[in-house]
1. Given H placed on each backbone N at 1.01 Å, which residues far from R119 in sequence or on other chains put an amide H within less than 5 Å of it?
2. Using a Förster radius of 22 Å, what is the FRET efficiency between S4 and W32 based on their Cβ-Cβ separation? Nearest 0.05, please.
3. If you take every residue apart from F64 with its C-beta less than 9 Å away from the C-beta of F64, what net charge results, scoring Lys and Arg +1 and Asp and Glu -1?
4. Whole-Hz ³J(HN,Hα) for each residue in region 29-46, computed from phi via Karplus 6.51 cos²θ - 1.76 cosθ + 1.60 with θ = phi - 60°, x for glycine and proline: what do you get?
5. Quick one: what are the phi-derived ³J(HN,Hα) couplings along region 77-87, Karplus 6.51/-1.76/1.60 with θ = phi - 60°, whole Hz, x for glycine and proline?
6. Given a cut-off of under 8 Å on Cα pairs at least six residues apart, what relative contact order in percent is computed for region 93-149?
7. Can you check what the net charge comes to around L147, using other residues whose Cβ is under 11 Å from the Cβ of L147 (Lys, Arg +1; Asp, Glu -1)?
8. So what's the back-of-envelope 222 nm ellipticity for the chain, counting only DSSP H runs of four-plus at -39500 (n - 2.57) apiece and dividing by all residues, rounded to 500?
Amino acid sequence: MGASGFSLDVNGDGDRVRLGSIIWETVCDFIWGDLGEPLYTRMAEYLFEQVTCTADDTSLTWWFGNPGGCCSRSERAGMHWLRYFLAVDWEIFTAMGDHRGLTFASGPPELAATTAEGRLVTLRGDIWSASDDGVGGDDAWIPLEELTVDERAFVAKARGECQCPVCTSPANTPRS
Ligand SMILES: [Zn+2]
């Protein structure tokens, strides 16, 4: 039962898990705006069912599940999109915290780091993880030699700078 987590330090008396849930719902709205249909529908089950929030007295953690290795692509995408939107829209999320009596003691992720680590690409109507020898979906794999020349070039680019619909959307320019 794998999962990866991303944490922020949070001070204050408010409900951390509630704040984490509201932030994730907002991030999902932003993802919807960039992916559109039908890509969002393909991701929605994962985004709603496999992403959870936990907290202790000083921090808040979002968990991206990968039970039985079922969802490696979605796990990577969910973590990437959370970190991306925290980087781009940090003021929106800190305001949500302020409103609920919670202050982030951590800064946002670095935008350049989030685009470098994404390594996602949109091909053939789906989102894939780009690797050295091919592209992976949650339950699919296309080896490099089965990709076209153009697709291979796109995958090579994605390994250096994420080419997912969120990172390549002109709407997502940092506001500060
Ligand atoms: Zn991306």
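1. HN-HN under 5 Å from R119: C162, Q163.
2. It comes to 0.45.
3. Combined, the nearby Lys, Arg, Asp and Glu give 0.
4. Karplus-based 3J(HN,Hα) across region 29-46 equals 4, 5, 4, 4, x, 8, 7, x, 9, x, 4, 4, 4, 5, 9, 4, 4, 4 Hz.
5. 5, x, 4, 4, 6, 4, 5, 4, 6, 4, 5
6. Rounded, it is 15 percent for region 93-149.
7. Combined, the nearby Lys, Arg, Asp and Glu give -3.
8. For the chain, the value works out to -14000 deg cm²/dmol.
Where a number appears in this text, it was derived from the coordinates with a stated rule and is not lab data. The model shown is predicted, which means the values in this text are computed figures rather than measured ones. For neighbour counting, all protein chains shown are included, and Cβ atoms are generated from backbone atoms with ideal geometry for every residue, glycine included.
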